[in-house]
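Asker: Dropping a structure here in structure tokens format, bear with me for questions.
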Amino acid sequence: MFKKISLLFFISFILINCSGSGDDNVDDNQLLSYDRSKMLIHWADKIIIPAHTAFKETLTNLDNSTTNFVASPNQTNLDDLRSKWLISYKSWQHIEMFDIGKAEEIYFKSKMNVYPIDKTWLNNNIEKGSYDLESPNNYSSQGFPALDYMLYGIGLDDVSILNKYTKNTNYTNYLTALVNKMVSGTDIVINDWTAYRTTFINSFENTASSSVNLLTNDFIYYYEKGLRANKVGIPAGVFSGGPLNGNVESFYKKDISKDLLLEALGATIKFFNGTSYDGLSSGPSLKSYLSHLNSNKEGSSLDSEITVKLNSALTQVNSLSNNFVIQIESDNSKLLVTYDALQAVVVLLKVDMLQAFNINVDYVDADGD
Amino acid sequence: MSTSIYFNKKSSSAPLAVFRIGFGLLMFYSIIRFWLKGWIETLYVQPQFHFSYYGFDWVKPLDNYTYFLFLICGTSAFLIAIGLKYRLSMFIFFLSFTYIELMDKTTYLNHYYFISILSFLMLFIPANATFSIDNLIKGKVYKKVPQWTIDSLKVLLSIVYIYSGLAKLNSDWLLKAMPLKIWLPSKFDLPLIGESLMQLEWVHYAMSWGGMFYDLLIPFLLLYKRTRLFGFFLVIFFHMFTKVLFPIGMFPYIMIIGSLIFFESEFHIKILKFFKKIILSLSSINYFFNDSKFKVIDLYEIRKKKLVLSIVSLFFIIQFLFPLRYLLYPGELFWNEQGYRFSWRVMLIEKKGYSVFKIVDQEKGTFFYVNNEDFLTSLQEKQMSFQPDFILEYAHYLGDSFTLKGHKNVQVFVDSYVALNGRLSQRYVDEKVDLYKEKESFKHKKWILPLNDEIKGL
């Protein structure tokens with residue numbers, strides 16, 4: 001009797017193993033699981049690399065305008081430089097979440113968009129005329145927020161701002177150094193993507209260091225810190241007990257804080273949906289991955305739940321003033337409501353989506369049981 | 001009296017020696033592995049705060065002396081393996097290992113608890129009766145030991161298996177194949193089976209039911225001679241398979257080596273002969289194995305037998321009852337986790353949480369949110385986010401910290417969301433309850449919001 005049962009178990013195990021190896025010979029393109037490899041190719045070729053290329057173009061324009069402005073610091077050139085800076089700053093909002101590979105290695109985002117700036121430190125740099133922009137001490141004295149200050153904050157009006165540049169070459173020098181640093185950093189990241197692309201798209205396993213897991217974590221981290229906390233939460237005072245209006249993004253230009261947030265939120269929604277950078281096509285995405293896993297939860301599925309919450313966050317953002325400094329001073333509660341709407345998505349991404357993917361929140365090295 | 005007949009039964013001392021050697025070596029290796037992975041540093045030295053078991057908040061890591069603690073633990077494990085000063089080594093191992101496990105409940109694992117209670121039981125078992133250095137020192141070797149000492153190990157292993165099988169008798173595990181339905185498809189990168197079997201729904205069900213039957217039946221398959229070999233084959237297959245699927249560290253090896261205790265004496269005598277051969281081939285000294293140097297004694301008599309038997313009986317009564325304490329709590333066990341630990345609920349649920357704490361000045365009404373990274377490691381944050389006792393302890397720590405920093409009238413609230421076994425996340429803790437005023441106790445925590453669903457079963 002027992003021998004028969006054991007034989008039965010044995011045969012079933014062998015059958016299981018055979019069917020396992022048998023299925024593996026089926027056409028590689030027909031996976032039973034979600035095709036992460038296709039998703040990675042889509043991410044790299046239709047979203048990440050085009051976003052970087054487009055960003056580089058805006059930066060080249062910014063660079064050229066800087067050269068013109070430095071050669072002749074007048075109102076026309078200042079206006080031109082300012083408009084190029086804004087275009088580029090908006091374009092940057094599509095890049096910041098991809099803190100992976102070379103970008104992560106060279107602390108790209110820390111050199112591009114740390115705010116508020118350290119005004120004393122920055123002015124000290126200008127005065128001394130020597131500085132090491134590689135040093136972490138200078139993260140809050142460079143990048144877009146530093147340009148914001150250089151173009152809008154160093155004088156009370158345009159005349160006094162222009163005066164600084166015409167009278168003191170330290171200003172033009174620092175401006176040039178800042179833009180050069182941004183260009184060179186971007187070049188390093190873009191050039192690396194040519195080679196890194198292969199590594200990136202081939203790393204589709206479910207391990208702590210695989211592309212899917214890394215980028216998914218980066219995406220959530222960006223949404224939680226870079227977007228939700230930095231752009232809204234910190235200025236609105238949710239971490240400090242009182243509003244900190246000096247911490248809004250583009251504190252000196254002021255009336256673009258909403259535009260930047262809209263751009264960033266739009267970029268995250270596009271990435272979640274798998275919309276290509278040019279907006280013309282769409283492909284495999286976190287959203288379609290979720291619907292593939294069919295994580296059907298009591299009526300509404302998780303992927304549409306996230307879309308609903310993202311859209312309601314978008315509605316909240318749209319109701320804000322262009323100028324967050326004014327918004328904080330007149331009615332901070334609107335910003336707090338926006339924060340809550342953004343926060344509702346964090347829960348779905350970090351808890352529900354990661355549970356569905358079975359990805360760890362971060363690299364946690366310890367045994368389980 | 002049949003019980004007294006049973007307690008006078010004798011059996012070969014070889015199985016205990018094999019068990020002791022296996023246990024000692026595995027523990028010795030575990031400690032070295034833990035050390036080399038840098039976990040002493042990341043889990044015990046670096047964190048600024050540690051989560052304590054209720055009543056054990058006096059057990060804390062000892063900064064850099066924590067390494068010394070692991071050194072003591074590892075050394076005692078090695079001494080157990082070679083059987084030098086067995087009882088003292090076992091006592092030191094039990095104390096140091098248990099101390100380590102009590103330092104921070106973030107690292108709680110069922111098999112660590114198993115090691116702790118097993119090492120307690122082994123204090124009363126003459127596992128050094130043969131094939132030990134103690135034999136050399138005393139010049140005595142014992143051929144037999146009381147049968148119950150071997151059986152007690154079998155009983156403890158059976159408790160682990162059967163309770164973990166009973167825990168699987170619930171609607172999520174059996175009727176929804178949860179959480180395997182989440183875990184297995186995510187193993188798409190396994191060779192051969194990743195893109196095939198792991199993705200198939202019937203496999204998720206088959207493995208859920210198979211796992212349940214395995215846990216419930218394996219002690220019996222191992223107990224009966226006719227099914228023993230097949231059972232052991234299943235033990236190896238099951239544990240190696242779970243080893244491939246999940247990061248469960250040393251647990252599979254402990255269970256495989258542990259299961260050897262079910263085999264008959266002749267098998268263990270052969271193993272010991274094999275060991276002897278290896279040792280002899282390594283050293284030319286025949287002295288140690290010259291039987292004439294030893295006084296061969298037939299039976300190892302347990303000293304203070306009555307006392308020992310009552311302690312061991314009490315130990316098993318507790319082991320039988322402790323996993324059932326969850327019945328005393330209202331609400332869903334998997335959700336509230338009251339009485340979840342120390343009950344052999346192994347790889348049973350998939351739970352993720354997100355908990356943000358709000359510090360409120362009660363008088364002014366001002367508030368701010370806490371950045372958990374400022375206080376916790378990522379592992380601690382992960383564990384804290386979905387376990388009520390962690391949330392409460394952390395809330396008190398935050399309350400104390402901010403009060404110390406000069407904040408007045410501190411209240412601590414939490415925005416907590418938890419997802420269980422693939423259900424959509426829902427609010428976990430009543431956000432209107434000031435956790436700083438709630439006290440930890442063994443009573444039901446009323447501030448946990450109920451799960452919007454029912455899980456049927458044990």
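The values are calculated or read from the model by the stated rules, or taken from the named source; none is laboratory data. Just so it is clear, the model here is predicted, and its values are computed rather than measured. Note: ideal-geometry Cβ built from the backbone for every residue, glycine included; neighbour counts use all protein chains shown.
Asker: In segment B:166-275, which helices (runs of 4 or more DSSP H) lie fully inside it and hold 2 or more residues that are at pLDDT 95 or above and either within 14 Å of chain A (Cβ to nearest Cβ) or surrounded by 19 or more Cβ atoms within 10 Å (Cβ to Cβ) (or both)?
Answerer: Per the criteria, B:171-175, B:201-223, B:225-245, B:251-259.
Asker: Would you say A:ILE117 is within 21 Å of A:PHE69 (Cα to Cα), touching a Ser or Thr at 6+ places or on another chain (Cβ under 7 Å) and in the same structural domain as A:SER65 (by TED's automatic domain parsing)?
Answerer: no
Yes or no, residue by residue, for (1) more than 9 Å from every other protein chain (Cβ to nearest Cβ); (2) closer than 17 Å to A:TYR223 by Cα:
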site	(1), (2)
A:ILE256	yes, no
A:PHE272	yes, yes
A:GLY283	yes, no
A:TYR289	yes, no
A:LEU302	no, no
A:ASN311	yes, yes
A:GLN316	yes, yes
A:ILE326	yes, no
A:LEU342	yes, yes
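Asker: With a cut-off of at least 1 residues that are in the same structural domain as B:ASP104 (by TED's automatic domain parsing) and either of a type outside the set (A, V, I, L, M) or in contact with a Pro (Cβ under 9 Å, 6 or more places away or on another chain) (or both), name the helices (runs of 4 or more DSSP H) lying wholly within segment B:282-385.
Answerer: Working: elements: B:305-321, B:333-336, B:378-384.
Those helices (runs of 4 or more DSSP H) span B:305-321.
Asker: For segment A:274-295, indicate whether the set of residues that are under 30 Å from A:ILE201 (Cβ atoms), modelled with pLDDT of 95 or more, assigned by TED's automatic domain parsing to the domain that holds A:VAL248 and of a type in the set (Asp, Glu) is non-empty.
Answerer: Yes, the conditions are met somewhere in segment A:274-295.
Asker: Considering only segment B:65-81, state which residues are more than 21 Å from the chain's Cα centre (by Cα) and surrounded by fewer than 18 Cβ atoms within 10 Å (Cβ to Cβ).
Answerer: Pass one, segment B:65-81, residues more than 21 Å from the chain's Cα centre (by Cα): B:65, B:67-68, B:79.
Of everything in segment B:65-81, those that are more than 21 Å from the chain's Cα centre (by Cα) and surrounded by fewer than 18 Cβ atoms within 10 Å (Cβ to Cβ) turn out to be B:TYR65, B:TYR67, B:PHE68.
Asker: Return yes or no: is B:PHE442 among the hydrophobic types (A, V, I, L, M, F, W, C) and more than 13 Å from chain A (Cβ to nearest Cβ)? Walk me through it before giving the result.
Answerer: Working: among the hydrophobic types (A, V, I, L, M, F, W, C): yes; more than 13 Å from chain A (Cβ to nearest Cβ): yes.
It is true that B:PHE442 is among the hydrophobic types (A, V, I, L, M, F, W, C) and more than 13 Å from chain A (Cβ to nearest Cβ).
Asker: Return yes or no: is A:SER160 out of contact with any strand residue (DSSP E or B) (no Cβ under 8 Å at 6 or more places or on another chain), part of a helix (DSSP H, G or I), without any contact (Cβ under 8 Å) to a residue 12 or more places away in the chain and not hydrophobic (A, V, I, L, M, F, W, C)?
Answerer: Details: out of contact with any strand residue (DSSP E or B) (no Cβ under 8 Å at 6 or more places or on another chain): yes; part of a helix (DSSP H, G or I): yes; without any contact (Cβ under 8 Å) to a residue 12 or more places away in the chain: yes; not hydrophobic (A, V, I, L, M, F, W, C): yes.
In short, yes.
Asker: Just to be sure before I move on: is B:LYS439 among the basic types (Lys, Arg), under 31 Å from the mean Cα position of the chain (by Cα), farther than 19 Å from B:THR106 by Cα and part of a loop (DSSP other than H, G, I, E, B) in the structure I sent?
Answerer: Against the criterion (among the basic types (Lys, Arg), under 31 Å from the mean Cα position of the chain (by Cα), farther than 19 Å from B:THR106 by Cα and part of a loop (DSSP other than H, G, I, E, B)), B:LYS439 qualifies.
Asker: From the list B:ILE317, B:ILE349, pick out the single residue that is at negative phi, crowded, with 20+ Cβ neighbours inside 10 Å and β-branched (Val, Ile, Thr).
Answerer: Step by step, each of B:ILE317, B:ILE349 is checked, and only B:ILE349 is at negative phi, crowded, with 20+ Cβ neighbours inside 10 Å and β-branched (Val, Ile, Thr).
Asker: Which of (1) over 23 Å from A:ASN358 (Cβ atoms); (2) away from chain A (no Cβ under 11 Å) is the odd one out, the single condition B:PHE390 does not satisfy?
Answerer: Failing condition for B:PHE390: (1).
Asker: Sort out which residues of segment B:389-428 are more than 30 Å from A:SER291 (Cβ to Cβ) and β-branched (Val, Ile, Thr), and write them in order of number.
Answerer: Selection gives B:ILE391, B:THR403, B:VAL410, B:VAL412, B:VAL414.
Asker: Considering only residues that are of a type in the set (Val, Ile, Thr), in a loop (DSSP other than H, G, I, E, B) and surrounded by 22 or more Cβ atoms within 10 Å (Cβ to Cβ), look in segment A:199-254 and name the one that is farthest from the other protein chains (Cβ to nearest Cβ).
Answerer: Going through the qualifying residues, I end up with A:VAL248.
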